[in-house]
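Heads up, the thing below is written out as structure tokens.
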Amino acid sequence: MATIGNSLEALSEELYSLYISGSVPVQTINKPETPAAISSFYRKYVSKNIPVKLTGCTDNWDALKKWEDDYLLDKIGDCTVTVAVTPNGLADAIHKGQFTLPFETSMLFKEFLAELRNPRKDRVLYLQNQNDSFNSEFSNLLLDIESDPEWAREVFQMSPDAVNFWMGDTRAISSMHKDPYENVYSVIRGKKRFTLFPPTDRPLIPYRTFPVSRYTEEGTLKSEGTEKVQWIDLDQENPVRDAPPQCHPVVVEVGEGETLYLPSMWFHHVQQTHGTIAVNHWYDIDYGPSYGLFEVLDTLTRDHVELPIDDGL
């Protein structure tokens, strides 16, 4: 219905102008440490659901000094890790009209690192397991980081739900999506490039329903049967390329020793330099008015703007 669609688009623009004050330049600030700074951080960023880049959060982590290949081989070389494998770096993404899941395999970290150093043309590896992977698979490195950073515990008034370890090929891309978590994302080695879209852009961001397939070990796609999933239907490698012009994307680069506070429900697409290592902490969200407003926008958009497309592929 064009009238409702136009109204939602106008609402999106009005909310954006009020919510972000007309722009989304992601600022860089020092880690909040004093009670006053923590209170100010919560008021300026968390309560308003606004991203910010932080320095100083990992200054006391041994990981910044130690996590070179030789050290990692010594500490976790013989540990078994879960690896996502695709032929093109697009896991959990749309490819050939299908939502494609990676082939997941277990291998020793030293085997993963050997292939990362000498990558194959048709095989992309990524350590992206998100089920508290740091504690379950990389616990030998726990003394090198803060698994429960004091400043974040004070800000969110809780410990993290999960701590995850990320490392992979420069070809490995996280297609545009959103997470129901407050995300504190720290880069230890290399650089991550985040393309962010605010939650208020939801009426402009198209979803479609796709059949689900999973890559086999040989790199071919195998259907997951009748399973279907709704996913964002924008360019999987560069969502800005075909996003509606009314959207408000912003690109943030996070380098070694930097941390991105990425609020819940922000759409994000992620790329990286080769061999980048990162650790992120996920915190449960506050299901308050901001979450309720996003759910209203999401429901109205799904019901009145996006047709229930079934590609039948």
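The values are calculated or read from the model by the stated rules, or taken from the named source; none is laboratory data. Since this is a predicted model, take the numbers as computed values, not measurements. Here the Cβ positions follow ideal geometry from the backbone for every residue, glycine too, while neighbour counts run over all protein chains shown. Side chains are part of the model used for accessible areas, which takes the heavy atoms of the whole protein and leaves out ligands, DNA and RNA. Shrake-Rupley method; radii C 1.70, N 1.55, O 1.52, S 1.80 Å.
Tabulated results
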| read-out | value |
| --- | --- |
| Point-to-point label distance, residue 295-residue 241, nm (Cα→Cβ direction, 7 Å offset) | 3.6 nm |
| Label assignment, Cα extents along the principal axes in Å derived from the structure, set (i) 67, 57, 33; (ii) 69, 48, 38; (iii) 62, 55, 28 | (iii) |
| Residue-averaged 222 nm ellipticity for the chain, from DSSP H runs of 4+ at -39500 (n - 2.57), nearest 500 | -6500 deg cm²/dmol |
| Segment residue 36-residue 130, length gained on full extension (0.36 nm per residue, minus Cα span) | 30.6 nm |
| Ratio Rg/Rh, restricted to segment 116-176 and using Cα atoms, in which Rh is the Kirkwood radius | 1.08 |
| Under DSSP loop assignment and at most 13 Cβ neighbours within 10 Å, longest trypsin sites (Lys or Arg not before Pro)-free interval of the chain | 122-313 |
| Value of relative contact order over segment 83-196, rounded to a whole percent, pairs C-alpha under 8 Å and six or more apart | 32 percent |
| 5 angstrom amide H check on residue 33, placed H, neighbours 5+ away | 38 |
| Among 18, 230, 142 the positive-end extreme of the charge dipole of the chain (Cβ point charges) | 18 |
| Accessible-area order (highest first, 1.4 angstrom probe) of the listed residues 181, 283 | 181, 283 |
| Dipole moment magnitude, nearest 20 debye, segment 59-185 about Cα centre, only Lys, Arg, Asp, Glu C-beta charged | 760 debye |
| Dipole magnitude of the chain about its Cα centre (Cβ charges: Lys, Arg +1; Asp, Glu -1), debye to nearest 20 | 600 debye |
| Nearby lysines by direct alpha-carbon distance to residue 48 (threshold 29 angstrom, same-chain neighbours under 8 apart not counted) | 31, 178, 191, 192 |
| Mean Kyte hydropathy of -0.5 or more with a Cα span along the axis of at least 18 Å, helices from DSSP in the chain | 2-19, 289-304 |
| Rg and Dmax of segment 197-313, Cα atoms only, in Å | 17.0, 47 |
